[in-house]
Structure formats: structure tokens, C-alpha cells
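Encoded as C-alpha cells, the structure appears first; notes follow it.
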Amino acid sequence: MIKYLARRCALFALALFVVSVVVFLALRVLPGDLATIMAGLNSPPERVAALRAELGLDRPLAAQYGDWIAGLMRGDFGTTMLTGQPVASVVGARVQITFPLIMLGLLIALALGVPLGCASVMARSARARGLYQAVAIVGGAVPALWAGLVLILLFGRGSGLLPILPASGFPQDGWGDPAQAALALVLPAVTVGVIVGASIMRYTRSALQSVASTGAIEMAMACGMTRRRALTHVGLRLAMPQLVSVVGLTFAEMITGVMVIENLFALPGIGSGLVDDLTHRDLIAVQSELFMLAAFFLVIGLLVDLTHRALDPRLGEDDE
Amino acid sequence: MGIVVDDLQVAIGSRPILHGVHLEVRDGQRVGLVGPSGSGKSMISRAIMGLLPPTAGCTGSIELNGRQLVGLPDAEMAALRGAAVGMVFQNPGTALNPLLTVGRQIALPLELHYELTADEREGRVRAMMRKVGLPDELYGRRPHELSGGQQQRVGIATALITSPRLIIADEPTTALDSMTQRQIVDLLVSLVDEAGAALLFITHDFSVLARATRYCYVLDAGRIVERGRTEALLEAPHTPQARTLVEAARRLTLHVDGTGAQETETEEGR
Ligand SMILES: Nc1ncnc2c1ncn2[C@@H]1O[C@H](COP(=O)(O)OP(=O)(O)O)[C@@H](O)[C@H]1O
Ligand SMILES: [Mg+2]
């Protein structure tokens, strides 16, 4: 296990390095001069030159990369062009919105998807199975935008149950008033939860079915379990590694996937922030943000792999 | 007493799999069910165990010690599974729960059906492990650390731990090499006889069947096409279906004897 851990962490570091190079080069190798793009295509040449010098873009690539990485190591992710704030604090503020949104959405998705997925495998009548199938397909096919709009119309405008309208959005002072902030996340989280829940349902269903086809469920039943108990006690546990992968990937995907929702509900989160920075051509900020996102994906991947390891006794000793 | 299956019809969706099967295993008897792959043998064992897939429809009669099993709700079937009927599966490598230790696996039917203290359970499990020839130190191991033969010994121990009156063994040796096959069949037969239980032994291989049973049914395409004493059937099969199976078994036996020298790699050799 130690050996595996060391190997997996080395792989993580390597991947992080590759990602940093790719992100760094992508912005510089792409057609068009970085300073020109950032300054705006119609800016006077002096302005472009000044910006180039200010950002150090006139120096050799290796030196630029070194500076950037050295900054990252110190926790200095650069400053935004627009407001001059540190990128780290800008991203930090966005994370405070996106992260709770995703966690809440994921919780809702799991609470809906896992039981429904189990139920669809346990269903005995053909009609019930068809119904579950329909739920999964329809739920997954609903576009986020549309689901969000319906929810806004239902709750926001219609009954006024929740004081959330795209116009009001997230409170200006962030989490200054926690209740208000949490309330602003409810509808978006439900929207995300329903859509992601449908795909969790399908994954749960297929993971359970693949476990069932190995014979472990039949064996547990032959020992005296009811079908329901065998599926929920043995099947779910055996499907856990598969589900952890799915949840990990879903979680990572949601960071950018909730962009539409963030825009719709006027939440200044990571996804909509990235789009903002791109539209403002704040490419130095984008560079650091992309790197942080990629690093985050890699961390999730690492956690998923380690969890797999811990959940499945068949992995673990074999490769020592 | 025993199990009497009569006019059993099973269909999956709209596709018929079994067309009115009749077979009986009386108390203490060992009976074979032989047929080519895909003929519906496992479907019969699933119907008896209440393990048919949710998409299956089942009509006819299955009487276990006089009690009708067809149409019984799953909760009542579950009370019989692992207590009144034990089952040995074809592929222990995938049937055994990979997360359970040998001890926990064998103890499962006891846990589900009897109120015992942990010590009592462990005592019984270790005694059963000795009976099926599993070394004591395997108690805490998991299935992936065992050989195929050892895994099937765990399967047999699990099926027998509650002393059920009927054992169904669905191709219990198909996944094993031929030397281990014989050991496992002999073990199963001796334990079943010792317990005085009945055995329904399912296989596609007549040569294994002759070792395990005196009486057998031949299944083909969801129908019993022939029944009789196993030896007599082996010598003079009446139906072409039975003849094909017998000839296949002969070829296999010849082949095995011809290459007997290579047969030294048994589970003990691993
Ligand atoms: N879950 C299932 N769904 C649909 N058809 C099945 C299923 N299981 C088995 N069958 C079909 O039922 C027939 C009998 O299968 P089975 O009882 O497993 O045969 P055997 O055990 O004799 O090899 C085969 O034609 C097989 O394709
Ligand atoms: Mg079979």
C-alpha cells in the first residue's frame, strides 16, 4: 500500500507538471500575440508594449514559466487585470459559491439517484421498470437551462416562496448573511441535483446490474437473503468502487458544468467567473485558473483511486 | 418428502425457456440433471431456489416437502434458502462475496437463519472447514487468495453449514481442472450422504454425473427427454440428445486419460 501510495503520488506530481506546461504553452503558442490580445486588438502599439513589459511577456519562455511556477509555489497566482486584486482571492470568493452549490447539488443528486437506481433494479413488474427507465431518461435529457427557468418561474416569480430571482442573485456581501446566501443556493442546487441525480440513477442501476450478473447477489440470496436485502447490503457495497468513480468524476465535471446554472441564477461562481475573465481577455488570470481547475481534477482522481484501493481487498496486495 | 417439480414452465419475457419439466428428488437420494449448455438446467435450479430474474414468469408446481413454492413471496423463499435448501454454484470465483473472509462467508447462512453467539458460530464454521478439507489458517482469508478448488470447498461449506435437507449443485465442478473436479465431486457426495441430505446434481458432463448419481434426468431445449439409471443411460442412451452427451463424455474421458501425465497440476500443487 505504501509503495502504491508513493507511486500514485509521483504520478500525480508528474501530471501536475505536464498540466502546468500545457496550460502555459497553450496561451502562448496559440495564434496571436498575448499582449496584443490582452490589450485589445485596436490598442496603440505603445500600450501593447507597456503591457508586454509589465507582464514580462518579452522575456524568454523558460524564464516566464519559471516565474509563474515560483509564484504558484508561494501561493501567488498573479493579479487580475480588471481590478488588480490577487487571482487567489478572486478565485477564493468564487469557490465559496461554487463549492457549496456543487456539494448541495451532489447531495440532492445522491439522495435521489441512489435509491431510485436501486428501486429500478428491484422492481418486479415490467410497468414499474418502464416507469423508472422513463424517469432516468427524462431527468437526464432535461437541459439545465430549461429546468432552472421552470424552477424560477414556479418558486421565484410564481409563489414568491423563495426570494430568488436572477436579478437579485447571490447577496452582494457574499456569506455576510449566511441564511440569505444559503437560500440563494437552494433553487440552483435543486436544479443541478435533479439533472445530475438522473445520471447517478442510471449509473447506480448499471453498477448494481453488473455486480448482480457476477453471481454474488444470487449467492447472498441462496444463503437466505431476500432479493431486496441482497441488492442493498451486498450489491451496493460491491458497486461502491464504481459509484465512487462516478461521483468523483461527476463532482469534477460539475465545477464547470454548473456554469449555465451560475449564469442563470446570477451566481458569481467559478464557471461564470472563468467566462468573465475570458471575455475580458484577462489571460494571466485564466492561466492560473485553468491550472487550479486541472489540479483540482487531478486531486479528485487521486482520491478516487485511493478510495478504490481501500474499498476493494482484491487490489492492494497483488502488486507488492 | 423431498422435492417434486411438475409441469414447470418458465418464460423470460415472452420467450419460453422450460416447457413443462417434471423431476423428483426424494429424501436422501442423489439425482442428476444433465443437458447441453443452454438447455435450461440453471433455470430449473433458479426456479426451485426462487432466484429467477424479475423478468421471468413461472407456472406449474414445485413442492418442497409438500409445500408449494411457486408463487411464494420472496421473503418466504428467503427463509427456506440457505436453511431448507442449500446451493453450490458453478463459479465460486465470482459467486463468493469478494469482501467476505472465508469464515464470514461460511457463517452467512447461520447468521441469517439462527440466533447463535459469535463463538458458537465460529466453532461450527471451523468444524465445517475441517470437514470440507480447508486448512484452519484460511479462516480469515478472502476468496481471491484461494485456489479454485479451495473456493469451491468454501461454496460447499456454505451450502452445508445449516444442514439443509436438499442440496442443489449447479455444475459445481465445471470451473475446475479435471483432477480437482473429482476431488470436489467425491467430497460433495460423501458430505451429502453423511448428512443424509438429498442432492440435485446438475452438469453437462456425463462422466462427472456417473461419479455423483445413480439416477438422472436428461434435459434438452427446456424438456426432459429421457430419465433413468445413470449407468444404464451411459451404456445405452435411447434419445439422440442423450447419445450426444454420452459420446462427448467418452471423448473427454479418453482425452483426459491420454494426457494424464500433465494432470499433476492440481490445487494441492499450487
Ligand atoms: N437472465 C436471462 N434472461 C434471458 N434469457 C436467459 C437468462 N438466463 C438464461 N437465459 C436463457 O435461458 C436458456 C437456458 O439457460 P440456462 O438455464 O442458464 O441453461 P444451462 O444452465 O442449461 O446452460 C438459455 O437459452 C439462455 O440463453
Ligand atoms: Mg447453467
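Bear in mind that the values in this text are calculations on the coordinates, not laboratory data. All values derive from a computational prediction rather than experimental measurement. Every residue, glycine among them, receives a Cβ derived from its backbone with ideal geometry; neighbour counts consider all protein chains shown.
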Point to revise | Spatial separation of Cα centroids for segment A:289-315 and segment B:1-68, in angstrom | key: 47
Practice item. Please give the per residue volume of the convex hull enclosing the alpha carbon atoms of segment A:1-141, rounded to a whole number of Å³. Key: 218
Review point. Can you list, bin by bin at 10 Å, the percent of alpha carbon pairs in segment A:2-74, starting at 0?
Key: 17, 37, 25, 12, 6, 2
Check your understanding: Which value results for Rg/Rh of the protein assembly as shown when Rg is the Cα radius of gyration and Rh the Kirkwood radius based on the inverse mean 1/r?
Key -> 1.13
Revision key, fill the gap. Proxy exposure order for B:Ser39, B:Ser190, B:Ser178, A:Ser206 (fewest C-beta within 10 Å first) is B:Ser190, A:Ser206, B:Ser178, B:Ser39
Point to revise | Estimated inter-spin distance, A:Met103 and B:Arg26, nm [label 7 Å along Cα→Cβ] | key: 7.0
Study note, to complete from the structure: Listed with the fewest Cβ neighbours within 10 Å leading, A:Arg127, B:Arg211 appear as A:Arg127, B:Arg211
Exercise for review: Can you tell me how much longer the chain between A:Gln85 and A:Leu303 gets when fully stretched, taken as 0.36 nm per residue apart minus their C-alpha distance, in nm with one decimal?
Suggested key: 75.3 nm
Point to revise | Cα-based equivalent ellipsoid, segment A:92-309: semi-axes from gyration tensor eigenvalues, Å | key: 36, 22, 13
**Study point:** Per-pair calculated FRET efficiency, R0 = 41 Å: B:Ser37 and B:Tyr114 via Cβ, rounded to 0.05
**Key:** 0.65
Exercise for review: Springs between alpha-carbon atoms under 10 Å, Gaussian network over chain A: tell me which of A:Arg47, A:Arg309, A:Arg94 tops the mean-square fluctuations.
Suggested key: A:Arg47
Point to revise | Solvent-free Debye scattering, log10 I(q)/I(0), computed from the Cα coordinates of chain B at q = 0.08, 0.15, 0.16, 0.17 Å⁻¹ | key: -0.32, -1.14, -1.28, -1.40
**Study point:** Mean ellipticity per residue at 222 nm, deg cm²/dmol - from DSSP H runs of n ≥ 4 across chain B, formula -39500 (n - 2.57)
**Key:** -12000 deg cm²/dmol
Check your understanding: Which order do B:Lys41, A:Lys3 fall in if you start with the one that has the fewest other Cβ atoms within 10 Å?
Key -> A:Lys3, B:Lys41
Check your understanding: Simple spin-label model, 7 Å along Cα-to-Cβ: B:Arg15 to A:Asn42 in nm?
Key -> 6.9
Review point. What average count of beta carbons from other chains do you get within 10 Å of the Cβ of residues in A:210-220?
Key: 6
Point to revise | Highest to lowest packing among A:52-62, B:27-37, scored as the average C-beta count within 10 Å | key: B:27-37, A:52-62
**Study point:** For B:1-12, mean number of other protein chain Cβ atoms within 10 Å
**Key:** 0
Exercise for review: Mind telling me which of B:Thr239, B:Thr55, B:Thr94 comes out most flexible in a GNM of chain B, alpha-carbon contacts under 10 Å?
Suggested key: B:Thr55
Review point. Who wins for biggest fluctuation among A:Gln85, A:Gln133, A:Gln287 in a Gaussian network model of chain A, springs between alpha carbons below 10 Å?
Key: A:Gln85
Review point. Points 7 angstrom from Cα along the Cβ direction at B:Ala248 and A:Val21: gap in nanometres?
Key: 5.7
Check your understanding: Per residue of B:107-120, what is the mean number of Cβ atoms on other protein chains within 10 angstrom of that residue's Cβ?
Key -> 2
Revision key, fill the gap. Rg from C-alpha atoms of segment A:184-315, normalised by the globular rule of thumb 2.2 N^0.38 Å, equals 1.38
